[in-house]
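Visitor: First the structure, then my questions, so here it is.
All of the numbers you see were taken from the coordinates with simple rules; none came from a lab. Keep in mind that what you see is a predicted model, and the values were worked out from it rather than measured. Neighbour counts run over all protein chains shown; Cβ positions are idealised from the backbone, glycine included.
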Amino acid sequence: LRKRGIGTIVKSTAIKKNDPVTNNASESKSDKKPLFGLIFTNFDGSFGNTLLFNIIDASANKCNFILKLTDGSPEKESKFIKELLDYGIDGLIMLPAHSKHYSFEILKMVVNRFPLVLVDRIFKGLAVSSISTDNVQAAQLGVNHLFDLGHEHICVLFPEKESVTTIEDRLMGIVKGFSDRKKTVEMDLWI
């Protein structure tokens, strides 16, 4: 049994055959499904809903989830991490608000080796599991496809204030796509 702040405790699993209280208690504990926290920034029709559906579908009803939405707020993110850990979750799947400046709560989970998986974010220099699109290759393939269609002047739209590794990787992929075709990047078309 693992308890946060205490460590691992080994308990005897011996069950008395004629003790209905002990037998019922052990059956209910063994039937208990793991509880995972999900922290997402928000939902939209294409990404959030599909992601949530696939996580639940892949679990094949073998676990339960508690979902929290941060609206991109690092303060809410930290608050929700604390709440979920205090509630006793067995693991956390999260789409962090930022990928350059990670919260103290995330650092504590990594140091304590708490089961954590990041979605669509990579924390450079921090050993944490993550699942993400290869954003460099995806953007590179996209730009090459536009060139294959005969487009010469390609506009790039990206959020000005967002500072996440996914956007940086996509911009790098776009530049690589131009480089593949030996084309000059027209930065005046980047908005």
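Visitor: I'd like to compare 89-97, 62-70: which one has the highest average count of other Cβ atoms within 10 Å, and what's the full order after that?
Guide: On the way: 89-97: 20.6, 62-70: 15.1.
Packing proxy ranking, top to bottom: 89-97, 62-70.
Visitor: Less than 13 Å Cβ to Cβ from Gly173, Lys/Arg counted +1 and Asp/Glu -1: what total charge do the surrounding residues give?
Guide: Cβ neighbours under 13 Å give a net charge of -2.
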